[in-house]
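One structure is given below, encoded as structure tokens.
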Amino acid sequence: MSKKYIPGHVIDECRDLRRHGERLETLAGRLDIPPDELAELLGESRPVQSQAAEFDLWRTDELNARL
């Protein structure tokens, strides 16, 4: 499956909006592309939300119990 073409000036605008706190998911929705694809175009390793979703506060208790 081919990726949708996004003009360079639109990518630049997205970078500026990200610097001002705009969510990646919001911008991707406006462009009708998946957030992971937009993150790749913007040079971001992965969306911030997915990093937060992987963090588990209770895992520290499990790791402390192993020590």
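All of 62, 22 fail the test of being over 15 Å from the mean Cα position of the chain (by Cα) and modelled with pLDDT under 95, apart from 62.
Out of the residues in the range 9-26 that are closer than 16 Å to residue 45 by Cα and of a type in the set (A, V, I, L, M), which is surrounded by the most Cβ atoms within 10 Å (Cβ to Cβ)? Restricting to residues being closer than 16 Å to residue 45 by Cα and of a type in the set (A, V, I, L, M), the top hit is 24. Note on the range 25-55: residues that are over 11 Å from the mean Cα position of the chain (by Cα) and at pLDDT below 90 amount to 3.
The values are calculated or read from the model by the stated rules, or taken from the named source; none is laboratory data. Since the model is a prediction, treat every value here as computed from it, not as a measurement. Backbone-built Cβ (ideal geometry, glycine too); neighbour counts: all protein chains shown.
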